[in-house]
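To keep things clear, I will list the structure first and then write my remarks on it.
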Amino acid sequence: MSRVLTFLLVGVALAARLEASTQVDTTNGCLACHTAEREGAVVGAHAEHGVQCVTCHGGNVQARTLPAAHQGRFVSGKDRGATFELCGSCHADPNRMRQYGLRSGEPAEFRTSRHGQLLLVQHDPNAPTCTSCHNTHVIYPPEDARSNVYPTNIPGTCARCHADRQLMAKYKIPTTQFEQYRRSAHGIALYQKQNFASPTCVGCHGAHSALPPTVTEIASVCGRCHQLVRAAFAAGPHGAVSNARLPGCLGCHSNHGTERVPADSIAAVCGKCHGNDTRIRSMGLQIQQTVQQATTDMESAKRAVGQLALGGRRVSDYRFRYQSALTYYLQIAQVQHSLNLDQVEDLARRVRSISVELTSAAEANAEVQWEHKLLLGPVWFLGLAAIALGWLAMRGLKEAGEDRER
C-alpha cells in the first residue's frame, strides 16, 4: 500500500513538472529569458494565487528585450536583505494575509531572531533570508510533502546550513545536531513512526523567531508537549532550582539527541551531579530498582496475555487489565521526575499486582491444558484399544463364517 502511495505521489510531482514545462504563459515576457523559472510561474502557492514575476520583481512583462524588460521599479532579488523586505511587503500585511489564513507576524519575528540580526543588523552575507528556507520561485504550502517546511523536511532544511562545518566554524556552532536528532526519541517518532506531533527544530527554537532556549526557558519549552512531566518536575526539588542553577530537562536529557534514560541508568544519571552523596545515591538506586521491577512486571504481563491468547482463552478482559497496568507504568515515568519515591512505589505496586494477576491466570490456564493432555493419553489408548478389539472381533467372525462354508 505504501509503495502504491509513493508511486502516486511521484506521478503527481511528475505531472506538475510536465504541466510547468508545457503550459507556459506566452504573454509573460520574463520567461523568454528566465526559462529556469518557468515552473515557478505555474506551480506552487504563489502561482496558484496569481503572483507573477512583476509582482515581486517589477519591470515590464510585455517586453522581450533588455533593458526594456527591467525598466522602472525593478528588484533583482540578489540582495538578501532586500529579499526579506520584499517578502515582508505582503506577508506583514494582515489585510492581505487573512484571506489565506496566514499569520502576518513572521517578518517582525524574523527581525528579532538570531538570523534576522545577522542579516539586517550585521549585514552578514551568509545569513539566511526567506528564500533560504522556503525556496525562491516554487513555494509549496507547509502541508505539501514537497515543501521545504513540511514536518519531515524541516530538519533537513535547517541542516543545509547547520550541518555545514565550514559555514558554522565562523559562528563556533557545532554541526552534529541533525544526526543527533535523527537518532533521538523525537527523530524516531517523526521519521519512523510518522508522528507529526513530534517536535522538529522549529518546535523548540521557533521558526521565524529562531533562537536557542535559554537555561531558564528549557523546562517551559519542553513542557509545552510534556505537560504532566513538567508539572511533576516543578513539584520536585529540581524544579525549585531549575531557574537558578539547573538547566531544566538538560540536567538528565540531552537537547538534540533527546533520549529516554534507561531504567538501569537512573542512579548513574543522578551521580553526574550528586557524585557520591550517600543519601541522594540511595534514593536514586531505590527509584532505579523500582522502575526496573515495574519494567520486568510489564514484560511478564504482556507475555502472560500472549500465552492466554495462544491457549484459546478470551482475552478481552485480560487485555483491559494489561492496559490499566500500562497506564500506571507510564505514570511512573512522569512521577519519577518529582523524585517522590512513595508515589513511584505506589504505582509500581499497582503494576505488579496486575502482572501477578495475569501471570497467575496464564499459569492456571497452562495447568488446565496440561491436565487435558494427560487425560487425552488414556482416552486415545482406550479408543485405539477398542478399535483393535473390534477389528479382531470382526476378523474372528469372518474366519468363522468361512469355516462354515467349507
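Contact map, the stretch 183-202: first residue part of a loop (DSSP other than H, G, I, E, B), second residue exposed (fewer than 12 other Cβ atoms within 10 Å of the Cβ), Cβ cut-off under 9 Å, separation 6 or more or different chains; pairs are Ser184/Ser254; Pro199/Arg224. The set of residues in the stretch 325-356 that are loosely packed, with under 15 Cβ neighbours inside 10 Å and closer than 15 Å to Lys302 by Cβ comprises Thr327, Leu330, Val356.
Residues in the stretch 23-78 that are touching a strand residue (DSSP E or B) at 6+ places or on another chain (Cβ under 7 Å) and either among the acidic types (Asp, Glu) or in contact (Cβ under 8 Å) with a residue 24 or more places away in the chain (or both): His57, Gly59. Return yes when Asn276 is over 28 Å from Thr200 (Cα atoms), assigned to a loop (DSSP other than H, G, I, E, B) and of a type in the set (S, T, N, Q) and no when it is not. Yes; evaluated as a whole, the condition is true for this residue. Looking at the stretch 226-247, is at least one residue in contact with a Phe, Trp or Tyr (Cβ under 8 Å, 6 or more places away or on another chain) and either at pLDDT 85 or above or not in a loop (DSSP other than H, G, I, E, B) (or both)? Yes, because at least one residue in the stretch 226-247 is in contact with a Phe, Trp or Tyr (Cβ under 8 Å, 6 or more places away or on another chain) and either at pLDDT 85 or above or not in a loop (DSSP other than H, G, I, E, B) (or both). Counting only helices (runs of 4 or more DSSP H) that sit completely within the stretch 37-90, those holding 2 or more residues that are touching a Gly at 6+ places or on another chain (Cβ under 8 Å) correspond to 45-48, 53-57. A search for C-beta distances below 7 Å between a residue of the stretch 306-329 that is without any contact (Cβ under 8 Å) to a residue 40 or more places away in the chain and any residue that is not in a helix (DSSP H, G or I), counting only pairs 6+ apart in sequence or on different chains, returns Ala309/Val315.
Of the residues Cys204, Cys222, the single one that is in contact with a Lys or Arg (Cβ under 8 Å, 6 or more places away or on another chain) and crowded, with 18+ Cβ neighbours inside 10 Å is Cys222. Total residues in the stretch 143-158 satisfying the condition of being of a type in the set (S, T, N, Q), under 23 Å from Gly257 (Cβ atoms) and free of Cβ contacts under 8 Å to residues at least 24 places away in the same chain: the figure is 1.
The number of residues in the stretch 154-180 being of a type outside the set (Ser, Thr, Tyr) and surrounded by fewer than 16 Cβ atoms within 10 Å (Cβ to Cβ) comes to 12.
The values are calculated or read from the model by the stated rules, or taken from the named source; none is laboratory data. This is a predicted model, so every value here is computed, not measured. Here Cβ is always computed from backbone atoms with ideal geometry, including for glycine, and neighbour counts include all displayed protein chains.
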